[in-house]
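Notes for the one structure printed next.
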Ligand SMILES: *[C@@H]1O[C@H](CO)[C@@H](O)[C@H](O)[C@H]1NC(C)=O
Ligand SMILES: *[C@@H]1O[C@H](CO)[C@@H](O)[C@H](O)[C@H]1NC(C)=O
């Protein structure tokens, strides 16, 4: 299966000055605290709440609504065989993220986070030619997708590094797995506006939302990973690690590479 994506997320890594004092949205936890997981769940919740409207002081755009200029999908063979682009994408809903669980590996500092997003709405302009569930689809126009009750498990690979005498987290990779409760969608102007076909096809796709959402899983996973990676890199390159976890051990800076192998 050939699968290609191109996601452009509007985060310009900048040389903004990092936080020198602890910002109000940061809660400090200690790994040696037996209640670390509870503390860290609260801390990550505060972080998500702050990301909603954005943090202009470190050049972070709002997470809600989130603007993505373009998502491109080229996928051959299998139940989904499409050449599609989604332009001028607006994603709303991540501002209502509930953090269900947050754990940090005390050796590698990798993060494990589980969140739930009650309702996400993705709107944009699509251009599509291909097959979904063996139905040939062609069209271009406005569309929306609405996954509800999305639960996302996020594993973030982290490396420590030092800057200005502070340890910082370098988030190098993000892996997500998600489940959704239901997916609703509508693609306007399918078949270039033959409206009876447009309506019946959209009804069919909604009635079969589960296989449709499975077919969108690779692109949606990759999109969420790219978005989270961009946001986490920008925030953690600007926030000393000890503001989040006060007992981060600087000696890991030198020993971690060997520990991990
Ligand atoms: C959301 O999904 C979770 C499991 O994925 C389930 O336990 C919960 O009941 C669902 N909530 C709603 C409101 O549908
Ligand atoms: C962060 O990690 C990436 C990938 O390992 C590396 O290329 C980059 O130089 C690191 N950045 C810093 C500031 O350490």
(request) For residues that are buried (at least 20 other Cβ atoms within 10 Å of the Cβ) and closer than 19 Å to residue 203 by Cβ, scanning just segment 138-161, find the one that is farthest from ligand 2 (Cβ to nearest atom). (result) 139
(request) For residue 186, state whether it is away from ligand 1 (no atom under 16 Å from the Cβ), touching a residue at least 12 places away in the same chain (Cβ under 8 Å) and in a strand (DSSP E or B). (result) yes
(message) Can you confirm whether residue 176 is within 25 Å of residue 61 (Cβ to Cβ), touching a strand residue (DSSP E or B) at 6+ places or on another chain (Cβ under 7 Å), outside any helix (DSSP H, G or I) and within 16 Å of ligand 1 (Cβ to nearest atom)?
(response) yes
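Table: residues versus (1) over 27 Å from residue 24 (Cβ atoms); (2) part of a strand (DSSP E or B); (3) within 16 Å of ligand 1 (Cβ to nearest atom).
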site: 149; (1), (2), (3): yes, yes, yes
site: 159; (1), (2), (3): yes, yes, no
site: 169; (1), (2), (3): no, yes, no
site: 192; (1), (2), (3): yes, no, no
site: 205; (1), (2), (3): yes, no, no
site: 214; (1), (2), (3): yes, no, yes
site: 229; (1), (2), (3): no, no, no
site: 239; (1), (2), (3): no, no, no
(message) Filter segment 99-147 down to the residues that are at negative phi, touching a residue at least 60 places away in the same chain (Cβ under 8 Å) and in a loop (DSSP other than H, G, I, E, B) and list them by number.
(response) 106, 107, 108
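Results for (1) farther than 30 Å from residue 245 by Cα; (2) out of contact with any helix residue (DSSP H, G or I) (no Cβ under 9 Å at 6 or more places or on another chain); (3) away from ligand 2 (no atom under 16 Å from the Cβ), shown as yes or no for each residue.
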site: 113; (1), (2), (3): no, no, yes
site: 130; (1), (2), (3): yes, yes, yes
site: 170; (1), (2), (3): no, no, no
site: 215; (1), (2), (3): yes, yes, yes
site: 222; (1), (2), (3): no, yes, yes
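Read-outs: derived from the displayed coordinates by stated rules, not from any lab. Just so it is clear, the model here is predicted, and its values are computed rather than measured. Positions of Cβ are generated from backbone atoms using ideal geometry, with glycine treated the same way; all protein chains shown enter the neighbour counts.
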